[in-house]
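Comments concern the structure below.
The values are calculated or read from the model by the stated rules, or taken from the named source; none is laboratory data. Keep in mind that this is a model prediction, so the values were computed, not measured. FYI the Cβ positions are ideal-geometry reconstructions off the backbone, even for glycines, and counts take in every protein chain you see.
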Amino acid sequence: MATSTPSWRLSPSDFAFLWEECKRCFYLKVARRQYRPRTPFPRIFNIIDELMKDFFQCKKSADISPSLPPGTIKYGDRWVQSEPIVIAGHSSTCNIRGRFDTVIEFEDGSYGVVDFKTTKTSGAHIPLYSRQLHAYACALERAAAGELKLTPVTKLGLLCVEPNEMSRGADGRISYIGDVAWIECPRDDAGFEGFLADVLEVLELPEPPAAASTCEFCKYQARV
């Protein structure tokens, strides 16, 4: 009996730390729907994230960075999903589904994907976040039927805000003041396709790969 070729659903949010932390945990989540326990996430970061999205909505691209082409921030906090993506040399395909922070519509008809970060980003983390941005760009340009399609995506970047000062107004309200940094991530479609090939190589294994030696969750699972 013929079996259907799997098409793995991939979340851009897993492309950074979950993939880097433990390929076994990544495999179990995607291939077998076995998830790590949820860890508490401070509510304040969700509040800051929503404030940033609301603040920049409908602003000009220059409000993010004067180095960006003229444009307007028009799409915020939207779900996207790609069509099945075929990678040479692999029997299975993948599709990307996730929710981006915001997209700029440039006056020349192209688009830019922006991810908000509420802290200064380490240089070592930028390539990991770049994977997420490339994933959103891929999903927008190669959208599944009925999904949001925006093309071409010509700019990718991180807007990082790190509070480092407080002030108090005459009305008694307190404001946090922080540095703002725009970090552009150049498009590297060949590099991103190579990353997806690595992902499929893991997912096509008949059994989960070995756990990372530093994965505390896998260590706990091995004890119970």
Only one of Ile126, Ile85, Ile73, Ile96 is farther than 20 Å from Phe192 by Cα and of a type outside the set (Phe, Trp, Tyr), namely Ile73
So, first residue closer than 14 Å to Ile85 by Cα in region 187-214, second residue among the polar types (S, T, N, Q) and at pLDDT 95 or above, Cβ within less than 8 Å, six or more apart or across chains; the pairs are Leu200/Ser92
Here the residues within region 23-39 that are in a loop (DSSP other than H, G, I, E, B) and over 10 Å from Pro208 (Cβ atoms) are Arg33, Tyr35, Arg36, Pro37, Arg38, Thr39
Filtering helices (runs of 4 or more DSSP H) wholly in region 115-224 for at least 2 residues that are small (Gly, Ala, Ser) and over 27 Å from Ile44 (Cβ atoms) gives 126-141, 189-203
- prompt: Would you call Ser122 at pLDDT 90 or above and either in contact with a His (Cβ under 6 Å, 6 or more places away or on another chain) or hydroxyl-bearing (Ser, Thr, Tyr) (or both)?
  reply: no
Some residue of region 65-78 being of a type outside the set (Lys, Arg) and closer than 30 Å to Ala211 by Cα: no
Considering region 66-75, residues that are surrounded by fewer than 17 Cβ atoms within 10 Å (Cβ to Cβ) and not β-branched (Val, Ile, Thr), and then whichever is nearest to the chain's Cα centre (by Cα), we arrive at Lys74
